[in-house]
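The values are calculated or read from the model by the stated rules, or taken from the named source; none is laboratory data. Bear in mind the structure is a predicted one, so any value in this text is a computation, not a measurement. Counting neighbours? That spans all protein chains shown, and the Cβs are built from the backbone with ideal geometry, glycine included.
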């Protein structure tokens, strides 16, 4: 399962913010700012205090290197971290340090120098309950801090932070020889121009010298005051690592660089908040300034991808959950943590497009889907309807027509299975146009295999591809004419030897373009690009050209072209996770109030079902009126009707496919329920007729209705019905479920 880790190898989710890596203390600004944004000043102060050691000193003296790299520097002004740090102190309920109830440790450490670096190292070690002796040649703590304005305030902060700690402080104690007996480790922090005792820093580890157990840092090594404090705090961790492992390099240094890029975050300009007092923020001002912070993180995938946005999960988290599902660690080996998540992906490719590292979470989930199915862990119910529908499209509803003219077949029109299901006229008129302008055009009704691919069903997918390849070879390898962007995408991915063109390009370039009605006048609309056409730049331009030629005034959508969104149909998520499908549709159709023009029948029908006025571009080209959204049962009937018309028109003149009138009657509400539940009326009729023939039914004597069930495929269907006089049936209720009934 190496591909699981390859996916997230370059993910920038955990990369530190620009300000954090510039901060000498590596302050987690996202966490600190997040608490301020919530008005949690005490919690923010504790974060700040625990990170910098001496908050009163750092908040006054820090030169704010973070301001130079703030994403808002040129977009309203850098976030004022120093004022926010001061606000966390001013409004904290309790500024005293924490008391740590820990048993004392036996190791003894000597710190030489009571300046900022030495005091910081001693503070961190004493809070961890080590026995620390601090030697200072002068009679004061704080080193050069005593020479600064308001020195008393700075020194008071040092005393405050040591309030609950035990420190053996030895002032006026000059150390002349570091071979002091009785200490397990020594930290030399003698300050600028201080004594180095002949020590040299090594490259083996941070702050380590060429003498075992002796470390050095702070101004004596050239650090400024902020760096000195930070080094003292870090040196404490280095020393602790040495005491535990005997290694001088047992330490992971703070990050000083980040792979995060400014283009990976959403920068919203906003003006800096200036304190009305001229010095410090009020509570409200501090919160307002904190709210300006973007908390820079690479989150484009979560912001733009509907799947990652819905679940609020980054690729790394998804990878972890998928790996647990594929390789469960539970006792029974049946854990399926991410089964529904895997099946909820639309495979639209938007996550890859917006990711600065081009991480394709959708492709990863699709491969995981295949793996889960191979292991028998993917619920069949997620894809049962769509696989049966694909079988219908490639079987009973399939058709291959060759042009009547003899000679080489130049084009093969492959409209796909859904456009004819939506409205047979779109295929009929398109083929009529092709034959008039390109007479050597054959037609193949069928399915591109997307349902099997999305279901991770390799055998079924291979079977569909082989049927298409066989028909194409028999026709002499003609150019494929697509009307569906998904079919084009599937052919490119799985049948790359078959070159294709879109019918829309042929329409746009033809001398005999169908007369486009001018009924649209100057109507405003927006083109909704199907996600499968994300990288079809030429096709996108062609569709817009046809739409404007028809009289539409086009208004762009915020997400179009390379940022095209999925309508929710892809991946067949409507069964696997209906709430997600509903969430996606609502989000997409609310981009603006204009009618949508699209060139995907699934997009058109999905939006129409949700109440959004949407036209297929072929509706525009052929002047077709707005039509109601067909139910799942009507979609099947439409494909049979399409086959019948094409055979009669271009095949066998004597062919007559009789469309039988339905024997079922039901209320409009029940018909809507069947459609929403993806239950075919033909399946319910089969159920009822089977019950009538076998007598396997239950009578309800109170209302004279019968109840029966039948397993079709893997699904069990139930129906409550009455028999009426003319051999018809009145359907009262029905439903389906995964359970099998043992007779």
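Scanning segment 365-420 for residues that are surrounded by fewer than 20 Cβ atoms within 10 Å (Cβ to Cβ) and at positive phi returns 376, 407. Somewhere in segment 95-109, is a residue assigned to a helix (DSSP H, G or I) and under 23 Å from residue 124 (Cα atoms)? No, segment 95-109 contains no residue that is assigned to a helix (DSSP H, G or I) and under 23 Å from residue 124 (Cα atoms). The set of residues in segment 497-528 being under 26 Å from residue 441 (Cβ atoms) and at pLDDT 90 or above consists of 497, 498, 499, 500, 501, 502, 503, 504, 505, 506, 507, 508. Restricted to helices (runs of 4 or more DSSP H) entirely inside segment 1-64, those with at least 2 residues that are buried (at least 20 other Cβ atoms within 10 Å of the Cβ) and more than 23 Å from the chain's Cα centre (by Cα) are 18-22, 29-37, 41-52, 55-61. Of all residues assigned to segment 144-153, none qualifies as being crowded, with 18+ Cβ neighbours inside 10 Å and within 49 Å of the chain's Cα centre (by Cα). Answer with yes or no whether residue 87 is outside the structural domain of residue 187 (by TED's automatic domain parsing), surrounded by 24 or more Cβ atoms within 10 Å (Cβ to Cβ), assigned to a helix (DSSP H, G or I) and at negative phi. Against the criterion (outside the structural domain of residue 187 (by TED's automatic domain parsing), surrounded by 24 or more Cβ atoms within 10 Å (Cβ to Cβ), assigned to a helix (DSSP H, G or I) and at negative phi), residue 87 qualifies. Within the span defined as segment 423-441, one or more residues are assigned to a strand (DSSP E or B) and either crowded, with 24+ Cβ neighbours inside 10 Å or touching a helix residue (DSSP H, G or I) at 6+ places or on another chain (Cβ under 7 Å) (or both). How about segment 89-102: which of its residues are closer than 15 Å to residue 33 by Cα and touching a residue at least 60 places away in the same chain (Cβ under 8 Å)? Answer for segment 89-102, where residues must be closer than 15 Å to residue 33 by Cα and touching a residue at least 60 places away in the same chain (Cβ under 8 Å): just 91.
Do you know which residues across segment 591-605 are over 19 Å from residue 346 (Cα atoms) and out of contact with any strand residue (DSSP E or B) (no Cβ under 8 Å at 6 or more places or on another chain)? Within segment 591-605, 593 is the sole residue that qualifies. Among the residues of segment 717-743, those identified as surrounded by fewer than 19 Cβ atoms within 10 Å (Cβ to Cβ), modelled with pLDDT under 95 and under 41 Å from the mean Cα position of the chain (by Cα) are 735, 737, 738, 739, 740, 741.
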